[in-house]
Structure formats: C-alpha cells, structure tokens
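Step one of this worksheet: look at the structure below.
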Amino acid sequence: MQTQRSEIQLLRNQLTEFMQANHMRKTPERYAILEKAVELSAHFGVDQLYNAMEGAGYHVSKATVYNTLELLCQAGILNRHIFATNQARYEVARGSHLHLVCRRCGKIREVDEPDLTARLLTDAYDEFHPEYSSTIVYGICDECYRKS
C-alpha cells in the first residue's frame, strides 16, 4: 500500500510538471482520474475506469475521462494499447514488455523480454525516436487450450 502511495505521489508530480510546462489547468478531476487509473489492474478500458470513478462516488463525465486519459498518455504516465477488440486499453507506463493475448478468452499476460525491448528502443530508425514499445503475441492460453 505504501509503495502504491509513493508511486501515485511521483505520478502526481509528473502530471503537475507536464501541465505547468504546457500551461494547462490543474483540476481535481485530473488528479482523481490519475489515482483511480493507478489503482486499477493493468489493461483497463475507459468504461472500467469510468465505472470505478462512479463507484467511488466521484462523478465525472465520460468525456472528462477520455480527455484525461489522453493527457496522461501525452505526459508519459500511461501507455495506450489496441488489442484484438480494437478498443483502447491503458496501463501505467512502467517500461516495455510483451503482451500475450488469448484469442479465446481475451486474457492478457505481460512478459518481460529485456533484450527484445531494449533493441526495439535503441535501434536507430530514420526520422523516428522510440519512447516505448508494445509487442503483442496472439495465441491460446493454457487454460483455454486444456478446455479444448
């Protein structure tokens, strides 16, 4: 719990610096959405975050959630991924890793592959500067495989 509070405080500071540098308003809604995003498990969607905010008694519009998620991505706090469902999923930006996605149940598992991700982020690409990588491997998870 203390670790999560420390992470939230660091991310709040990062968001504050980003908004100050870009002359943006520092609203309580933006900070509340940030904190709820950190509390959620990895790979959450807009609806999941919106419902979590409502469930916590914090009423914000879906438009505010969408806009704040975009802001958090621009600030480097969240990463946005598009998996097989074509719906954006978000996670706190904690480094690059592989995503193993089951085509049957949709479960997403993260796997660290430091050599691969380091190469993707350090390779020289003409007129392009990588910030993070997202590699997605689709297949069938063990549980679904055993059921079939």
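The values are calculated or read from the model by the stated rules, or taken from the named source; none is laboratory data. Quick caveat: nothing in here was measured; it's all calculated off a predicted structure. Because the Cβ atoms are built from the backbone with ideal geometry, glycine has one as well, and the counts that use them run over all protein chains shown. With ligands, DNA and RNA removed, areas are computed over all heavy atoms of the protein, side chains included. Shrake-Rupley method; radii C 1.70, N 1.55, O 1.52, S 1.80 Å.
Scanning the range 109-148 for residues that are among the charged types (D, E, K, R) and in a loop (DSSP other than H, G, I, E, B) returns Asp112, Glu113, Asp123, Asp126, Glu127, Glu131. Only one of the listed residues (Glu127, Glu91) is surrounded by 11 or more Cβ atoms within 10 Å (Cβ to Cβ) and modelled with pLDDT of 75 or more. That residue is Glu91.
Condition check ((1) within 24 Å of Met53 (Cβ to Cβ); (2) β-branched (Val, Ile, Thr); (3) out of contact with any helix residue (DSSP H, G or I) (no Cβ under 9 Å at 6 or more places or on another chain)) across all residues:
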site: Thr85; (1), (2), (3): yes, yes, yes
site: Leu98; (1), (2), (3): no, no, no
site: Glu127; (1), (2), (3): no, no, yes
site: Lys147; (1), (2), (3): no, no, yes
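Close Cβ contacts (under 6 Å, 6 or more residues apart or on different chains) running from residues in the range 132-148 that are farther than 11 Å from Ile108 by Cα to residues that are open to solvent by 100 Å² or more (accessible area, probe 1.4 Å) and assigned to a loop (DSSP other than H, G, I, E, B) comprise Cys144/Arg104.
The residue list Ser41, Ser96 contains one member that is of a type in the set (Ser, Thr, Tyr), open to solvent by 50 Å² or more (accessible area, probe 1.4 Å) and within 12 Å of the chain's Cα centre (by Cα), which is Ser41. Is there a residue in the range 26-38 that is of a type in the set (Ser, Thr, Tyr), under 17 Å from the mean Cα position of the chain (by Cα) and surrounded by 16 or more Cβ atoms within 10 Å (Cβ to Cβ)? Yes, the range 26-38 has at least one match. One residue stands out among those in the range 44-81 that are in contact (Cβ under 8 Å) with a residue 60 or more places away in the chain and surrounded by 19 or more Cβ atoms within 10 Å (Cβ to Cβ): the one that is nearest to Ile136 (Cα to Cα), which is Ile77. Residue-level analysis places Arg103 outside the set of residues that are open to solvent by 100 Å² or more (accessible area, probe 1.4 Å), of a type in the set (Lys, Arg) and either free of Cβ contacts under 8 Å to residues at least 12 places away in the same chain or within 27 Å of Thr68 (Cα to Cα) (or both). Screening Gln14 against (1) surrounded by 15 or more Cβ atoms within 10 Å (Cβ to Cβ); (2) closer than 25 Å to Lys107 by Cβ; (3) at pLDDT 95 or above leaves a single unmet condition, (2).
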